[in-house]
Amino acid sequence: MAVLFRRTRGLEEVQTHYCPGCSHGIVHRLLAEVLEEMGEIDNAIAISPVGCAVFAYKYFAFDGIQAAHGRAPATATGIKRVHPDKLLISYQGDGDLASIGAAEIVHAAARGEKITTIFINNGIYGMTGGQMAPTTLPGMRATTAPLGRDVNIQGYPIRVSEMLSTLDGSAYIERVAVNSPANIIKAKKAIRKALETQKAGIGFSMVEVLSSCPTNWGKNPVDSLNFVKEKMIPYYPLGVFKDKQKEE
């Protein structure tokens with residue numbers, strides 16, 4: 001019998017801790033598939049964040065290390081400089097990357113560190129109970145903004161991809177979503193492009209992934225996917241924001 005679908009060799013055969021409808025599992029698989037297809041599983045090192053993906057190293061079938069909150073880019077930088085032949089992947093959520101780790105990611109990109117960041121943007125703090133994040137949409141409710149984010153009080157959400165694309169050290173920046181089969185296919189291509197950019201030694205690369213968080217959004221999985229389409233994508237438009245290879 002022909003095998004039409006199987007578990008990628010890049011993932012361990014274990015059950016994850018993620019909530020039903022969470023998009024982390026989709027992104028984990030995409031990253032693992034790309035590494036397998038590139039023949040780089042045994043050459044990859046993933047840096048896990050503090051947040052919902054804190055146990056990512058348990059699921060990836062390649063080397064991994066846990067970083068302090070927000071410090072994944074710094075950890076990845078150190079390992080990459082010692083092992084320049086390895087593929088370094090910093091896997092981070094919006095609280096880890098855009099709040100406590102904001103300085104780390106900005107300066108890693110500014111230095112042109114040859115690492116790849118997978119940035120999961122679900123607009124809220126997931127693991128710690130649904131507090132407002134730097135990416136929480138205007139009017140979006142959170143435990144620390146029960147009436148919705150008021151831009152006159154809490155300020156505006158940070159568009160990380162647009163910000164990092166202005167830095168000379170960034171080589172490839174793209175925002176994708178995993179709310180539909182078509183967008184999932186595009187997300188996989190973006191992850192591969194980012195890793196190829198790192199492998200070519202061009203500079204810093206990042207893929208921002210618009211993701212769902214049904215538990216903290218207070219929605220079912222289907223409604224959460226619709227929220228990504230109807231609310232998140234209009235505020236965080238999809239597309240390539242920086243591609244040095246094309247610019248040259």
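Each of the peptides 3-16, 67-80 was scored by the mean count of other Cβ atoms within 10 Å over its residues; in descending order, highest first, they stand as 67-80, 3-16. Expressed as a whole percent, the accessible surface of the chain that belongs to carbon and sulfur atoms is 56, based on a 1.4 Å probe. For the stretch 1-106, the relative contact order comes to 26 percent (Cα pairs under 8 Å, sequence separation of at least 6).
The slack in the chain from residue 229 to residue 107, taken as 0.36 nm per residue of separation less the alpha-carbon distance, amounts to 40.8 nm. Of all DSSP-defined beta bridges confined to the stretch 123-248, some 45% are antiparallel rather than parallel. Give me, ordered by chain and number, the residues 5 or more places off residue 206 or on other chains with an amide H under 5 Å from its own placed amide H. For residue 206, the qualifying residues are 117, 172, 173, 174. Which of these values of Cα extents along the principal axes in Å was calculated from the structure shown: (1) 50, 49, 33; (2) 48, 40, 36; (3) 55, 43, 30? Comparing each candidate, only (1) matches the computed number.
Using a cutoff of 8 angstrom between alpha carbon atoms and counting only pairs six or more residues apart, the relative contact order for the chain works out to 19 percent.
So for the chain, taking the charge dipole from beta-carbon charges (+1 Lys/Arg, -1 Asp/Glu), which of 74, 87, 166 sits furthest toward the positive end? With unit charges placed on the Cβ atoms, the residue in question is 166. Modelled spin-label separation between residue 131 and residue 246, with each label point placed 7 Å from Cα along the Cα-to-Cβ direction: 3.8 nm. Helical runs (DSSP H, four residues minimum) scored at -39500 (n - 2.57) apiece and divided by the length of the chain put the mean residue ellipticity at 222 nm at -9000 deg cm²/dmol.
Alpha carbon centre of the stretch 95-123 versus the stretch 1-74: separation in Å? Cα centroid of the stretch 95-123 versus Cα centroid of the stretch 1-74: 18 Å apart. For the chain, modelled as a Gaussian network with Cα springs under 10 Å, which listed residue fluctuates most, 234, 49, 84? In this elastic network of the chain, the residue with the biggest mean-square fluctuation among 234, 49, 84 is 234.
What the phi angles of the stretch 134-148 give under the Karplus curve with 6.51, -1.76 and 1.60, with θ = phi - 60°, is a coupling list of x, 9, 4, 5, x, x, 6, 7, 8, 5, 9, 9, x, 9, x Hz, glycine and proline written as x. Of all DSSP beta bridges confined to the stretch 23-246, the antiparallel ones make up roughly 20%.
The values are calculated or read from the model by the stated rules, or taken from the named source; none is laboratory data. From a predicted model like this one, the values you see are computed outputs, not experimental measurements. With ideal geometry, Cβ positions are generated from the backbone for all residues, glycine too; neighbour counts draw on all protein chains shown. Keep in mind that these areas ignore ligands, DNA and RNA; they rest on the heavy atoms of the full protein, side chains included. Shrake-Rupley method; radii C 1.70, N 1.55, O 1.52, S 1.80 Å.
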